[in-house]
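> Before I ask anything, let me first share the structure, which is written out below as structure tokens.
Each reported figure results from applying straightforward, stated rules to the coordinates on display, with no laboratory input. Just so it is clear, the model here is predicted, and its values are computed rather than measured. Virtual Cβ from ideal backbone geometry, glycine too; neighbours counted across all protein chains shown.
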Amino acid sequence: MIAQDVFGFGDRVVHAGKPEWGIGVVSSAQNLSQDGKACQRLTIRFERAGLKTLSTAVADIRPADQADAPARQIRSESEGATTTESNGSWLQELEAGDPAEVMARLPQSCTDPFQSIGNRIKATLGLFRFSDSGGSLLDWAAAQTGMKDPLSRFNRHELEQFFARFQTNRDAHLRRLAAEALKKDPGCLREAAKNAPPKGVDMLRGCLVKR
């Protein structure tokens, strides 16, 4: 079981590996055992992905207040209001700074020095599931902002420009991590590449070839 939390009907959750799905509400929970370890089979209705049935032995399901996004927004269904992190709202940060800079940030799971180098590489490779085409661009923007509808704040051209900067940061960060891993733990590179998006694996191979 990836997360140690036990969930029940009505709990608000996120899928840490699919932040673009938005906030989900648990509609059913069944306690199970897999490989001798306790887990749950959850049916969850996500804002942007609809109804999903997932096992916590595989899916990294977490309470909604642990969402990993540079700008986290959670809609309060009871009050119709938006609550944000205690250090100020994302929209306030946008007004105070450069939106392109805010949107270009990488998730903390990619940069946290307290995470192992392998976990940081794995998280960074996961970002290669996003592209600047079709619905993937909107999924990326939703993951970055926590907004259910990013087009309510930005137009598509702006999102494309933001993504280009994000992509540059992502690729440069992966190159730095790959170089660090070669010095400290080369074996983690193969493990991190397992089940990674093909574009991410190709990029990682390119980083290693150039060294």
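> Among His157, His15, His173, which comes first, then next, by fewest other beta-carbon atoms within 10 Å?
Listing His157, His15, His173 from fewest to most nearby Cβ atoms yields His157, His173, His15.
> Report the chymotrypsin sites (Phe, Trp or Tyr not before Pro) located in segment 94-181 that are in a DSSP loop and have at most 13 other Cβ atoms inside 10 Å of their Cβ, or state none.
Those satisfying the criteria are Phe114.
> Which trypsin sites (Lys or Arg not before Pro) in segment 119-203 pass both tests, a DSSP loop state and at most 15 other beta-carbon atoms within 10 Å?
Here the trypsin sites (Lys or Arg not before Pro) that fit, given the DSSP loop and packing criteria, are Lys148, Arg153, Lys194.
> Here's a follow-up. With Cβ to Cβ distances under 13 Å as the rule, what net charge do the other residues near Val26 carry (K, R +1; D, E -1)?
Local charge sum for Val26: +3.
> Ok, one more. Convert each backbone phi in segment 7-15 into a coupling constant with the Karplus relation 6.51 cos²θ - 1.76 cosθ + 1.60 (shift: θ = phi - 60°), then list the ³J(HN,Hα) values in order as whole Hz, x for Gly and Pro.
My calculation for segment 7-15 gives 10, x, 3, x, 5, 9, 9, 9, 9 Hz in order.
> Taking neighbour Cβ counts within 10 Å as the exposure measure, how do Thr43, Thr124, Thr168 sort from fewest upward?
Thr168, Thr43, Thr124
> With the cut-off at 24 Å, tell me which of the pairs Lys18/Lys148; Lys52/Lys199; Lys18/Lys199; Lys122/Lys184 have Cα atoms farther apart than that.
Lys52/Lys199
> Using the charge dipole of segment 12-66 (Lys, Arg: +1 at Cβ; Asp, Glu: -1 at Cβ; taken about the Cα centre), state which of Ala38, Val26, Thr56 has its Cα farthest towards the positive end.
Of the listed residues, the answer is Val26.
> Short version: ³J(HN,Hα) in whole Hz for each residue of segment 191-203, in order, from phi by Karplus 6.51 cos²θ - 1.76 cosθ + 1.60 (θ = phi - 60°), x for Gly and Pro, what are they?
Each residue of segment 191-203 in turn: 5, 5, 7, 4, 6, 6, x, x, 5, x, 5, 4, 5 Hz.
> For Glu191 and Lys37, calculate 0.36 nm times their separation in residues minus their Cα-Cα distance, and state this gained length in nm to one decimal.
Contour length minus Cα-Cα distance gives 53.2 nm.
> Further question on the same structure: Among Asp65, Asp185, which comes first, then next, by fewest other beta-carbon atoms within 10 Å?
Placing the least packed residue first, the sequence is Asp65, Asp185.
> So what J values fall out for segment 42-56 if you push phi through Karplus, 6.51 cos²θ - 1.76 cosθ + 1.60 with θ = phi - 60°, rounded to Hz, Gly and Pro as x?
Rounded to whole hertz, the list is 10, 9, 10, 9, 8, 4, 10, 10, x, 7, 10, 10, 9, 9, 6.
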